[in-house]
Every structure is written in structure tokens, then in C-alpha cells.
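Peer 1: Right, I'll just put the structure down here and ask away after.
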Amino acid sequence: MLIGILAAVFAALAYGTASVLQARGAQSVEDTGGPGEAPSLRSTITAMLTVSFLAGMALDGIGFLGNMVAARMIPLFLAQPIVSANLVVTVVLATLFLHARLSVRDWTAIAVVVVSLVLLGFAAGDEGHEHEWWLHWAVLVVGAAILGLGAAILPRMQGRVAVLAGLSGGVLFGVLAVAVRILDGLDPFDLGELLTDPALYAIILCGPGGFYMFTVALQKGSVSAASAALVVGETVVPGVIGILVLGDTTRAGWGAVAVIAFVAAVAGAVVVAMSPVVEAVERAGENPVPDATPG
């Protein structure tokens, strides 16, 4: 279990650091657009070619590998909240490198997330692998359905698009975590079994699909609302599936602690997601990172 927890923590650190590096790369490029205008294509491409931005993209890839290891080795109700704590990493690093200042509410939420994750670590039991073959097809069908409906409907909607698109992206990431857990052909490695498992194609679909839906959310509305919805989708859905379908367990007598810690971790991450600092990091290049302290 220790390796899985370390992999999840590593993924959170990688994702969170990647966001700050990409923001720093974007903000290092002078935009030629006027006030209130969208960044020019030239400035966007230039930002993406900076060392900071490229390093951030590399960390995203490394973080994804850590996420996959965690999903295979520890209960999903523990793995996904740890990975979603990448927002905590982002806002803390933003205070160091992007001159952001956090409010008392932000620091309180960060403390709640950290304490809750420690309690979850103590409460978690064994990861489950109890499932039927239909689940391999289910993750592919559900992922395709969510992505197809979202791509067709959400860009045309006018209200609550950020929340719905962010939630859709989060659910897709949650489905991806479930698909990683049940994927055949990895241990022991069997290429034929791997390539014939529908769960593999669910992973290939849900990864880019989740990023696409989150991008739609960012384009259509509030970053805070999109990020908060993303956290809920990528933690609650796989956590519940892990317990009810896959057989993830808690330690004897720790069930209530696990439930309370899980809810607190998700709630704390949602509060962090709604920080103005997260908004500014995700909107890097459009606005300076704000002072989030009251006054």
C-alpha cells in the first residue's frame, strides 16, 4: 500500500507543479492583444514553447503514470482524493513563485485536506479486484456516452456550462481510474490480453476526453466552478464504484472515520478549487495572480 500512496502523492505533486510551471511560462510571454482581449495565437504558441511550459507538460505525463500506479495499488477512495490534492500543491507553489497570497479560508481548507488524507490513509484497507467482465465494457460505453453527449450538447448551452462540463470531465477521469484498476494484461504482462481488453480503450478515450471537457468548462465559465465540479466527479464516482463494485475496503472499525475523512477531503479540495489563486493560475496570461487575502 505504501508504494501506491507514494505514487498518488507523487502524482499530486507533479500535477500541481505542472500547473504553476505552465502558468509561469504563460505569464513570461508578453501578449500583443489589447486590454480585455483574448491572448493572440502567436503569444499562446510562444508560451507553450517556453522551458517552464514544456517542463509542466512533461510533469503532467509523469503525474499520469503515478495516478495509474496508485489506482492499481490502493483503494480508489484513497487514491483519487490524494491526486485531487494537486490543487493544494498548485496554490501553495503559487504563493512562492507567482506572488499569490492566500486567505484564511484557503489555508484552513488546505489543512482540512491534509488532515483528512492522513486519516484516510490510516483507515484504508485493501484494494479490491472483484468484478465481472461486463465492467470492462461498461467503462468504455459509459466513457464514450459521456464524452459524446457532452461534446454535442455542452458547447451549445448557455447556463451552468462550467459546472456541467467540469463535472463531466471529472467523471471521465473517474471512469479512467476504474478502467486502470481493472485493466488486464499488465501483471503479468500479456500484450494480446492487454490489446483485447475494452478497458484499455476506455483509458485512451477518457484521458483526452476528460481534458477536453475541462477545457470546455474553462472556456465557458468560471474556473472555480469548473475545478470544484471536476474534483467532485473524479473523486466521488470512482470512490463509490471502488467500494460497491470492486471491493475496496477499510480497516476493521475504521469505516466511519473513512467516510468522514473522505467527505472532508473532497469538501476541502472543492474550497481550494474555488480560490481566486486557482482561477488566476488556470487563466495564466490573461490576468495577474491575485492577492486572496481579505481587505
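Every number here is computed from the coordinates shown, using simple stated rules; none is lab data. All figures in this text were calculated on a predicted structure; none of them were measured in a lab. When we count neighbours, we look across all protein chains shown, and the Cβ atoms used for this are built from the backbone with ideal geometry, even at glycine.
Peer 1: Quick one: if you stick a label point 7 Å off each Cα along the C-beta vector at V118 and T95, how many nm between them?
Peer 2: About 1.7 nm, to one decimal.
Peer 1: Here is a further query. Based on the alpha-carbon gyration tensor of the stretch 52-143 and its eigenvalue square roots a ≥ b ≥ c, which shape applies: rounded if a/c is under 1.5, prolate if not and a/b is larger than b/c, or oblate?
Peer 2: oblate
Peer 1: Rounded to the nearest Å, what's the spacing between the alpha carbon centres of the stretch 58-74 and the stretch 128-170? Just the number, please.
Peer 2: After rounding, the separation between the Cα centres reads 21 Å.
Peer 1: Of Y212, Y15, how do they rank once you tally other Cβ atoms within 10 Å and put the fewest first?
Peer 2: Y212, Y15
Peer 1: Would you mind ranking R24, R156, R251 so that the residue whose beta carbon has the fewest other beta carbons within 10 Å leads the list?
Peer 2: R156, R251, R24
Peer 1: Okay, next question. Can you compute the modelled spin-label distance between I153 and E193, with each label point 7 Å from Cα toward Cβ, in nm?
Peer 2: 3.8 nm
Peer 1: With N residues in the stretch 128-247, what two-decimal value do you get for its Cα radius of gyration over 2.2 N^0.38 Å?
Peer 2: Against the empirical 2.2 N^0.38 Å value, I get 1.10 for the stretch 128-247.
Peer 1: Same structure again: Sorting check: for 195-205, 4-14, which peptide has the highest mean count of neighbouring beta carbons within 10 Å, and how do the rest follow?
Peer 2: 4-14, 195-205
Peer 1: Got a sec? How would M213, M157, M68 order by Cβ neighbour count within 10 Å, fewest to most?
Peer 2: Result, fewest neighbours first: M157, M68, M213.
Peer 1: While we're here: Would you kindly state the longest site-free stretch of the chain, with sites defined as GluC sites (Glu not before Pro) in a DSSP loop (not H, G, I, E, B) surrounded by at most 14 other Cβ atoms within 10 Å?
Peer 2: 133-295
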